[in-house]
Amino acid sequence: MAETINIVFPIFDNVTQLDFAGPAQFLSRLPGAKVYVAAATEAPVATDCGFSILPNISFADCPQAAIICVPGGMGVAAALESRGLIAFVRTQSAGATWVTSVCTGAFILGAAGLIDGKYATTHWGYTQLLEKLGATYQHARVVRDGNLITAGGVTSGIDFALELIAIISGDDTAKSVQLSLEYNPSPPFAGGTPDTSPKNIVTNLRARFYDAAAARMQAAINSVT
């Protein structure tokens, strides 16, 4: 029988559900996996796409994680000021084998002092802010620095999960999970990164959303550092 591997996803209001639902779906297939979706209480937590998620454990009752994965989302700027969340992430990470994040979850790790002096990545709209928390941005979809693994925006969480499954349980296990969940991306358009998307799309999206969002994130980082 496989040894139990506790996998903990701390969540907060206005989290991006795919940031944790993607890796949770894949990591739950890791032999011995036990998934905990933790929050300050077990009350429903609003996502940033209009519905709520029901945690299955509170921060106070959560067991020690072997893998902690911090998701991102529109709520990260506010979450940086949540002492309970940051303390939970810091404490859990101290005893975890793997400390990980998806998207802007990297900034929550940063607020907990966990990316200082490390290579890391995050969503492309915010990469310039990693240095404010002591990290060095590495241009990659998934970045590993020791036991720290950071993934880029949203869907990259699935790639990170498969990489981690391979590290822990071998390539064949990861390939079996990938096949089981039929992960074979074939998007209708080239793009998905600033490097591969039309310049006008990148420019318009930055102006319409990410310039202001990054400014809000910077203000939140400044308030906690």
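Annotation: of all residues in the range 100-134 being polar (S, T, N, Q) and under 15 Å from Thr16 (Cα atoms), the one that is surrounded by the fewest Cβ atoms within 10 Å (Cβ to Cβ) is Ser101. The single condition among (1) crowded, with 21+ Cβ neighbours inside 10 Å; (2) closer than 20 Å to Asp159 by Cα that Leu80 does not meet is (2).
Scanning the range 179-206 for residues that are outside any loop (DSSP other than H, G, I, E, B) and either in contact (Cβ under 8 Å) with a residue 24 or more places away in the chain or not polar (S, T, N, Q) (or both) yields Leu179, Ser180, Lys199, Ile201, Val202, Leu205, Arg206.
Note on the range 1-32: among residues that are out of contact with any strand residue (DSSP E or B) (no Cβ under 7 Å at 6 or more places or on another chain) and surrounded by fewer than 17 Cβ atoms within 10 Å (Cβ to Cβ), the one that is modelled with the highest pLDDT is Pro31.
Taking the criterion of being touching a Leu at 6+ places or on another chain (Cβ under 7 Å) and in a loop (DSSP other than H, G, I, E, B), the only residue of the range 2-39 that qualifies is Phe12.
The residues of the range 33-49 that are of a type outside the set (Val, Ile, Thr) and either buried (at least 19 other Cβ atoms within 10 Å of the Cβ) or free of Cβ contacts under 8 Å to residues at least 40 places away in the same chain (or both), listed by number, are Ala33, Lys34, Tyr36, Ala38, Ala39, Glu42, Ala43, Pro44, Ala46, Asp48, Cys49.
The values are calculated or read from the model by the stated rules, or taken from the named source; none is laboratory data. The structure displayed is predicted, hence computed values, not measured ones. Positions of Cβ are generated from backbone atoms using ideal geometry, with glycine treated the same way; all protein chains shown enter the neighbour counts.
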